[in-house]
Amino acid sequence: MEINLLYSGVNALILLLILSSPYKIIQKPIDFGSLNLLPTTDTASTDFGRLQFNPPASVLKPKTPEDISLLLSFLSSSSFSQVSVSARGAGHSIHGQAQALDGIVIDMGSLPLEIKVHKNGEMESGLSYVDASGGALWIEVLKETMKVGLAPRSWTDYLYLTIGGTLSNGGISGQTFKHGPQIANVLELDVVTGKGEMVTCSPTKSSELFYAVLGGLGQFGIITRARVPLQQAPKKVRWQRAFYDDFETFTKDQELLISIPELVDYVEGFVVLNEQSLHSSLVAFPAHLEFKPEFVRNGRFKVYYCIEFAIHVNQVESIHVEKVVKEISRMLSYMQSHLYSVEVSYLDFLNRVSMEEESLRSKGLWEVPHPWLNMFVPRSGIKKFMNFLMESLSPNEFEGPILVYPLLSDKWNTNASIALPRAIETGKERVMYVVGVLRSINPTVCKMDCLNQILHEHHQIAQAASRPHIGARQYLAHHRSRIDWHEHFDSKWTRFAERKAQFDPLHILAPGQGIFPRVTVDLQE
């Protein structure tokens, strides 16, 4: 077959890929002259997890969303066998989800940074919102919206992530109990589907695509713009930490806090496993703590817990906040004299993890393997899960936080693609917990055999926890087979597969997730 290709200054890499295709067919003339396709880079081959290293054949640095559309239109209309595409934002995946072995990685950070704030006085709807490009970082959105006293309602703990990246997964933090995840706080999206179609979608316009891409793991399209609602940004935040020596009391008080959203704006919690976990948690919390726990008691390890909650403070409300803190404190059953309080700026509070990042970088413990495990656990199974998890850990060797905090089912839209525990999906339970086992591995101490053992243990924990007696689901999931993915999505699998067939029928997108193998179509038939 001859190649029917109209070009001006065609990139040599794309020609090489075309010529390596088994049939060398293009259905219609396409001009590739504007595409900035470059050789692969180390950055495109790795991610934050540093567990997988899969080099692509090329990296696309798009100048516009049209560049992404052009590439995907060509791939979906040709006999391009096995060439797949992944969108890479900040590269904060753990298991190579944004990688594309021998394929093409799209560097979303190359798109022009566009963040435009629309205040309620300018809009007929009376709603303030921000339009942000898919490659924009949440920290960039926050700084821009705060210039006019506004901010998004729902966040992730770490702000140096892209808009498109978190919306493709979920986006959760301590505000989720009150406002829902980030995927429940979107008004409109611009998406390039796996077929190269550029679509503007919302809950009322192309809604199937809208809900498919939210929590869709990049399987259906690439988000190039998101419209996110805004609220008034508080001046400051009253940040509280309370310590516990009993897990049931810890979770009981967390559930009490999320039951009073009119008073509380943020609720999280973490396990105080050892001295390292206690001290690392203090990096961003600017208060002197008199908490000096006994981690070994009668020859056995003793585990503690910490709830952190926050209340937004505006200048006119400072006296009111004091009353609220006292009122809430009387309701809680924390360890006597171990409630601590600081007041910080809203920006510093939301950006608190960056301080921990600086500390870890200074110790050479940021760009290291991160075999993280994140689970959604129904309330009915949280105690069993934590017992199972703690039995697998060596407290004196563990490095990194273990987050534990509750979320509410009615803040999630089940039309979105994200998989939740069956008890939550069916409405049988209203409360679920997110448990984040966020290990950092010091490669000088934990070699490859050690790392593989941790990954094996995490796999076993996830497998066991997904069974009915606990009924958990992985968040930011990683599975080894399509059967495992089928079980992960459970009753949502049929809809998930149908959406894939509709929006990315050749399975071009997001090969790093390992859900759908690339489809080869013989156009000569």
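The values are calculated or read from the model by the stated rules, or taken from the named source; none is laboratory data. Everything quoted here is computed from the prediction, not taken from an experiment. Neighbour counts run over all protein chains shown; Cβ positions are idealised from the backbone, glycine included. Accessible surface is based on the protein model in full, side chains and every heavy atom, while ligands, DNA and RNA are left aside. Shrake-Rupley method; radii C 1.70, N 1.55, O 1.52, S 1.80 Å.
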If I fit a long axis through the Cα atoms of helix 352-362 and take the longest principal axis of the Cα atoms of the chain, what angle between them do I get, 0 to 90°, rounded to 10?
80
Nearest 10 degrees is fine. How inclined is helix 65-76 to the longest principal axis of the chain, computing both from alpha carbons?
60
For Lys292, which aspartates and glutamates qualify as cross-link partners when the Cα separation must be under 15 Å and same-chain residues fewer than eight apart are set aside?
Asp245, Glu275
Full-extension gain between Ser207 and Ser354, please, as 0.36 nm times their residue separation minus the C-alpha to C-alpha distance.
49.4 nm
Extension gain from Glu114 to Leu455, taking 0.36 nm per residue of separation minus the Cα-Cα distance
118.9 nm
Distance between the stretch 425-488 and the stretch 343-394 - C-alpha centres, whole angstrom:
14
Under the rule rounded for a/c under 1.5, else prolate if a/b exceeds b/c, else oblate, using alpha carbon gyration tensor axes a ≥ b ≥ c, the stretch 62-210 is classed as prolate
Expressed per residue, the solvent accessible area of the chain in Å² (1.4 Å probe) is about 42
Kindly express, to the nearest 10 degrees and within the range 0 to 90, the angle between helix 318-331's C-alpha long axis and the longest C-alpha principal axis of the chain.
70
Within the chain, cysteines having no neighbouring cysteine beta carbon under 4.7 Å are Cys201, Cys306
For Lys116, list the lysines whose Cα falls under 27 Å from its own Cα; do not include residues on the same chain fewer than 8 positions away.
Lys61, Lys63, Lys143, Lys147, Lys178, Lys205, Lys235, Lys236, Lys411
Based on DSSP H runs of at least 4 residues, each adding -39500 (n - 2.57), what is the mean residue ellipticity at 222 nm of the chain after dividing by all its residues, to the nearest 500 deg cm²/dmol?
-8000 deg cm²/dmol
From the Cα gyration tensor of the stretch 370-525, with a ≥ b ≥ c the square roots of its eigenvalues, which class applies: rounded if a/c is under 1.5, or else prolate if a/b is larger than b/c, or else oblate?
oblate
Of the heavy-atom accessible surface of the chain (probe 1.4 angstrom), what whole percent is carbon and sulfur?
50
Which three semi-axes in whole Å describe the equivalent ellipsoid of the chain, each the square root of 5 times a Cα gyration tensor eigenvalue, listed largest first?
41, 26, 21
Please work out whether the stretch 300-361 counts as rounded, prolate or oblate from its C-alpha gyration tensor, where a ≥ b ≥ c are the square roots of the eigenvalues and a/c under 1.5 means rounded, while otherwise a/b larger than b/c means prolate and anything else oblate?
oblate
Describe numerically, in nm with one decimal, the distance between label points set 7 Å from Cα along Cα→Cβ at Ser333 and at Lys147.
5.0
